[in-house]
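Reading through the structure tokens given below for one structure.
The values are calculated or read from the model by the stated rules, or taken from the named source; none is laboratory data. Because the structure is predicted, anything quoted here is derived from the model rather than measured. Cβ atoms come from the backbone with ideal geometry, glycine included; neighbour counts cover every protein chain shown.
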Amino acid sequence: MTKKSSFLQKLIVAPYMVWAAAFIIVPMFFVAYYAFTDRNGNFSLSGFIATKNYIPLFIQSIWYGLLATVICLLLAYPIAFIISRAKPTTQKVLLMLVMIPMWMNLLIRTYAWMTILQDTGIINHILKLLGFGPVHMINTPGAVILGLVYNFFPYMVLPIYTVLLKLDGTLIEAAQDLGSGTTRVFTKVILPLSLPGIVSGITMVFVPSVSSFYIANKLGGISLIGDRIEELIRTNINLGAALSLVLMVLILVSISVMNKFTDEDGGILV
Amino acid sequence: MKLKTTSKIYTSLILFFLYAPIAVLIFFSFNSSKSTGVFTGFSLKWYGELFKNADIIEALKRTLIVASLSSAFATIIGTAAAVGIDKMTKKWVKSATLTVTNVPLMNPDIVTGISMMLMFVFVGRMFGQKSILGFNTLLISHITFNIPYVILSVLPKLKQTDKHLSEAAQDLGCTPVAAFFKVVFPSILPGIVTGMMMAFTLSLDDFIISNFTTDTYQTLPIYIYSMTKKNVSPDINALSTIIFFTILFLLVLINVTQSRMESKTKKLDL
Amino acid sequence: MQNKLVSLQNIRVKFDDDEILKGINLDIYDKEFVTLLGPSGCGKTTTLRIIGGFVTPDSGKVIYGGAEINDVPPHKRPFNTVFQKYALFPHLNVYENIAFGLRIKKLPEKQIKAKVTEMLELVSLKGFAKRNVNSLSGGQQQRVAIARALAIDPKVLLLDEPLGALDLKLRKDMQIELKKIQQQAGITFLYVTHDQEEALSMSDKVVVMDNGIIQQIGTPQDIYNEPKNAFVADFIGESNILDAVMKEDYIASLSGYDFKCLDGGYAKNELVDAVIRPEDVDVVPAEKGMLAGVVTSVVFKGVYFEIIIDINGFKWMIQTTDYQPIGAMIGISIEPDAIHIMKKSVYSGVYGDYSSFSDEVDNPEVETSNEVNTNL
């Protein structure tokens with residue numbers, strides 16, 4: 001590299017560097033700043049101390065997040081496998097079909113389930129026509145899980161599909177050739193090799209599930225930690241910031257723990 | 001054969017799960033009554049009401065303005081950044097930059113939104129203003145979460161581009177800048193276009209981050225939020241239907257442009 | 001004789017803390033075919049890129065037309081490059097690729113067309129103008145790259161291992177083709193390769209490099225017959241390199257036998273390296289040999305047998321048409337003109353023993369016989 005071009009290349013990244021510093025890094029510090037100060041801007045741990053009242057809520061949110069993640073994994077793995085073994089054109093279409101709902105607004109997706117699950121919704125209407133009594137579905141924990149699974153399902157399919165696609169078909173044949181049955185081929189060959197995809201899928205579903213807001217509120221009539229933060233940030237900015245900080249740390253820790261399971265970094269991008 | 005049938009059934013069930021809510025939503029947007037559970041007759045009156053609603057039209061206009069501006073800025077800053085990042089020779093600088101780029105993708109949206117909101121609030125207070133949240137802060141936040149998508153769709157194209165192309169052009173008499181636009185730019189154009197379209201779509205669709213970074217300047221998702229806060233009503237269905245088909249159109253457009261550009265390069269391979 | 005075109009004067013380059021070039025001095029003359037030859041990492045490509053303007057030397061001078069051009073950017077230099085993997089512009093067809101430099105010069109369309117047509121003819125690609133470059137074979141892409149670089153009449157054409165990506169057969173054909181093109185175009189070629197055979201068959205002048213230093217500059221015959229040190233002797237062809245003592249002028253003692261040779265001017269009893277090419281060793285009955293040893297390996301190579309024999313612990317390579325079985329005791333005889341004496345250098349004792357022999361010629365990139373000569 002000549003000196004001139006290295007100057008030019010610094011110049012070209014400069015706007016982004018400045019931007020990223022100002023609007024990605026600095027805001028993080030403001031979360032910490034508000035978490036460790038009080039209403040008057042003085043250093044205070046009161047916001048932090050108050051977060052301990054929210055431990056049960058954190059645990060509840062993590063529990064919902066885990067449940068949704070596991071269900072997503074169980075539902076998504078087979079479909080990812082089926083797509084990855086289909087003909088190339090079929091693959092493209094199926095993948096597209098799985099991804100399209102993800103591009104729909106989260107609000108609309110959740111709202112759709114709200115109208116369906118309502119006591120006066122279409123399911124109960126059909127049940128009534130069939131002569132069954134109304135089933136109360138909205139505002140139950142089940143509805144919350146359903147909402148989380150529905151909203152984040154494609155995030156699980158995509159990374160698993162990507163890994164399975166790269167999986168060499170001859171590996172499976174080799175395993176069969178060496179005398180493995182179908183189950184053994186799956187547990188000994190396919191599953192271990194698709195682990196990176198599973199890990200990144202879990203991360204991509206768990207993170208938005210735990211931090212979700214609106215979904216639990218609308219479908220479960222309850223507040224998860226995301227909902228509570230959203231309310232608090234406008235009324236008690238310091239407590240809201242402290243909770244956000246805890247949530248952020250929690251999630252970054254779980255991401256790095258998950259990444260320990262696999263050598264591949266990244267994979268976070270859609 | 002048996003496995004194939006099972007696969008087909010499973011795929012159908014998953015697709016049913018993914019599309020049934022959207023189908024129900026669209027279905028009831030044509031309902032003549034207010035119910036979203038019982039279809040009483042075909043009518044376009046909710047659409048009519050929608051177009052009469054000046055607030056919605058205004059929100060739509062604002063959404064388009066923010067999406068266009070933010071995707072344009074993000075594309076310029078992001079493409080320049082990708083070119084610079086690609087040329088970085090110091091490993092730690094490169095990986096540090098990429099890590100910062102990944103932060104908005106890994107961080108829960110709610111934390112990203114809150115962190116920026118807190119900074120804006122702080123800056124506002126510094127200037128003695130109650131709130132500076134509005135168009136400017138919304139645009140900044142959208143540009144910020146859009147840039148990583150542009151960078152991450154341009155970078156792979158740069159990697160695929162022969163490092164010597166630019167040198168060859170300079171060798172034949174181009175200045176370094178001319179060499180970039182004449183030779184490198186055409187080969188990364190597909191990545192730039194994909195990145196820009198993704199940024200545009202994400203910006204159109206964003207609710208969570210916008211929820212924190214704007215106040216009076218309402219975009220469509222925020223308007224929908226306030227609509228669904230109140231109750232269930234078919235005019236939301238009508239609006240959702242329009243949004244669904246718009247997104248569908250955009251996605252198909254992205255895919256068609258992509259495969260067109262790909263087939264162009266593929267033709268070259270023949 | 002010819003005009004001096006480009007001079008490198010004491011060029012030094014460091015990347016980070018690695019010194020890539022340690023004082024390169026090289027003159028390139030008009031219409032010459034010069035080859036920079038050496039193993040990977042020897043600095044030959046960096047030397048080329050310095051002339052092309054892609055690397056600025058830390059010290060030293062690049063002289064062209066009597067002026068220093070160290071800071072002249074690539075696009076202002078009258079040198080053009082054929083890149084290793086061609087670097088053809090994928091979005092342009094053959095015609096537009098070749099026309100690229102001409103368009104930058106803003107020549108009239110008519111002139112461009114004439115020039116491109118001329119170039120296509122020169123590289124035997126008539127009728128390929130409208131083809132997409134990616135639809136061409138490796139050899140054809142190679143020709144387009146050459147035509148593109150030649151189109152704007154460079155003073156020097158720089159070629160960076162241009163045949164590296166081609167298969168053996170095509171490579172041989174292109175060697176002949178390249179030489180032809182150079183003679184027709186009548187310009188200077190500076191050619192970088194690690195393939196010694198390529199260097200010997202095409203060049204007017206070979207520059208052997210290793211470790212950032214020019215080891216020897218000379219005609220292919222000079223380089224082969226009169227290598228300056230053990231590195232050159234080993235890198236160019238096969239060599240037996242032995243420690244020797246110059247008893248007096250024209251008498252070199254090696255492996256305990258006083259051989260007649262044609263070299264003189266050394267101090268009495270000076271320690272030297274002696275090079276004997278495998279094809280110059282004659283096999284004779286053991287009792288008639290100047291030296292004798294046991295055959296440890298025989299490989300049939302078609303025209304000849306490649307025999308390794310152990311003489312006093314040193315493994316000689318011999319190429320002969322007579323089959324000798326493993327274990328046979330044979331003698332060797334060497335004519336005076338087959339012995340080449342070299343001054344001791346840092347490379348002495350590093351090369352030239354075939355005790356750990358693996359086919360070096362096929363893997364010039366891998367330096368195999370790095371083991372220290374056990375005969376020392």
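Some values worked out for this structure:
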read-out	value
Residues that are out of contact with any helix residue (DSSP H, G or I) (no Cβ under 7 Å at 6 or more places or on another chain), more than 13 Å from C:I334 (Cα to Cα) and not small (G, A, S), drawn from the range C:252-291	C:D263, C:Y266, C:K268, C:N269, C:E270, C:L271, C:V272, C:P285, C:E287
Any hit, the range C:237-251, residues being out of contact with any Gly (no Cβ under 6 Å at 6 or more places or on another chain) and of a type in the set (S, T, Y)	no
Which listed residue, of B:I26, B:I14, B:I77, B:I56, is in contact (Cβ under 8 Å) with a residue 40 or more places away in the chain, within 9 Å of another protein chain (Cβ to nearest Cβ), surrounded by 15 or more Cβ atoms within 10 Å (Cβ to Cβ) and of a type in the set (A, V, I, L, M, F, W, C)	B:I77
Pairs, first without any contact (Cβ under 8 Å) to a residue 12 or more places away in the chain in the range B:81-107, second among the basic types (K, R) and in a helix (DSSP H, G or I), C-beta under 9 Å, six or more apart	B:G84/A:K10; B:M88/B:K94
Scan of the range C:206-236 for residues that are touching a residue at least 40 places away in the same chain (Cβ under 8 Å) and surrounded by fewer than 20 Cβ atoms within 10 Å (Cβ to Cβ), ordered by number	C:N211, C:I213, C:I217, C:N225, C:E226, C:K228
Scan of the range A:199-213 for residues that are out of contact with any Phe, Trp or Tyr (no Cβ under 7 Å at 6 or more places or on another chain) and either surrounded by 24 or more Cβ atoms within 10 Å (Cβ to Cβ) or part of a helix (DSSP H, G or I) (or both), ordered by number	A:S200, A:I202, A:T203, A:F206, A:V207, A:V210, A:S211, A:S212
Test result for B:G37, at positive phi and either surrounded by fewer than 18 Cβ atoms within 10 Å (Cβ to Cβ) or within 9 Å of chain A (Cβ to nearest Cβ) (or both)	no
Conditions (1) at pLDDT 90 or above; (2) more than 9 Å from chain B (Cβ to nearest Cβ); (3) surrounded by fewer than 13 Cβ atoms within 10 Å (Cβ to Cβ); number of the one not met by A:N40	(1)
Residue match in the range A:125-132 (condition: touching a helix residue (DSSP H, G or I) at 6+ places or on another chain (Cβ under 6 Å) and either within 10 Å of another protein chain (Cβ to nearest Cβ) or modelled with pLDDT of 90 or more (or both))	no
Of all residues making up the range C:114-126, the number that are of a type in the set (D, E, K, R), free of Cβ contacts under 8 Å to residues at least 12 places away in the same chain and not in a loop (DSSP other than H, G, I, E, B)	2
Within the range B:143-174, considering residues that are assigned to a helix (DSSP H, G or I) and basic (K, R), the one farthest from the other protein chains (Cβ to nearest Cβ)	B:K159
All positions within the range C:261-297 that are surrounded by 19 or more Cβ atoms within 10 Å (Cβ to Cβ) and free of Cβ contacts under 8 Å to residues at least 40 places away in the same chain	C:G293, C:V295
Pair list, Cβ under 6 Å, 6 or more apart: the range A:205-216 residue at the interface with chain B (Cβ under 7 Å from one of its Cβ atoms) and in contact (Cβ under 8 Å) with a residue 40 or more places away in the chain, other residue part of a helix (DSSP H, G or I) and surrounded by fewer than 24 Cβ atoms within 10 Å (Cβ to Cβ)	A:V207/A:I251
Search result, residues across the range C:34-53 that are crowded, with 21+ Cβ neighbours inside 10 Å and either assigned to a strand (DSSP E or B) or in contact with a helix residue (DSSP H, G or I) (Cβ under 8 Å, 6 or more places away or on another chain) (or both)	C:V34, C:T35, C:L36, C:L37, C:G38, C:G52, C:G53
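Rundown of residues vs (1) within 30 Å of B:Y149 (Cα to Cα); (2) polar (S, T, N, Q), yes/no style:
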position: B:F30; (1), (2): no, no
position: B:K34; (1), (2): no, no
position: B:E49; (1), (2): no, no
position: B:I57; (1), (2): yes, no
position: B:V66; (1), (2): yes, no
position: B:S70; (1), (2): yes, yes
position: B:T79; (1), (2): yes, yes
